[in-house]
């Protein structure tokens, strides 16, 4: 099932709903523009919302959802995925992509898989502006 439509980019509400995120989920938001997202999540009734000042924290091990609050370029996405490896299996990562990565779906998909994440939508769609990926349950390396 695709979380993205061709008509318009998905809203955070639809991303969370389609991914099965409940109001009791532990949601961490990181990035310089996290405040509006935090306020919105709280206003929508999400109880376990917190701001992460750094992705170098043990708090990643406890979250159900990590939302990156600003668009990631290639370097930031690699760094984010490296640090997000600490997330527990099944946790969801939502990260907007900088315009230089839109249309680079194959490269984004390789980064996700290489870091132990499975895309929840098809990043090969040139319109995909948001990465939605779930931490793999098994981290067996492919031969």
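Since every read-out is calculated from the coordinates, none of them should be taken as a lab result. Just so we're clear, the structure is a prediction, and the values are computed from it rather than from any experiment. Counting neighbours? That spans all protein chains shown, and the Cβs are built from the backbone with ideal geometry, glycine included.
With a 10 Å radius around each residue's Cβ, average the other Cβ atoms per peptide and rank 105-113, 45-53, highest first.
105-113, 45-53
Label points 7 Å out from Cα along the Cβ direction at residue 24 and residue 100: separation in nm?
Taking the two extended label points, one gets 4.3 nm.
Arranged by the count of other C-beta atoms within 10 angstrom, fewest first, what order do 24, 14 take? All intermediate terms of the calculation are to be shown ahead of the outcome.
Details: 24 10, 14 14.
Neighbour counts put them in this order, fewest first: 24, 14.
Mind running the shape call on the range 28-69? Use the C-alpha gyration tensor, a ≥ b ≥ c as the square roots of the eigenvalues: rounded below 1.5 for a/c, prolate if a/b tops b/c, oblate otherwise.
oblate
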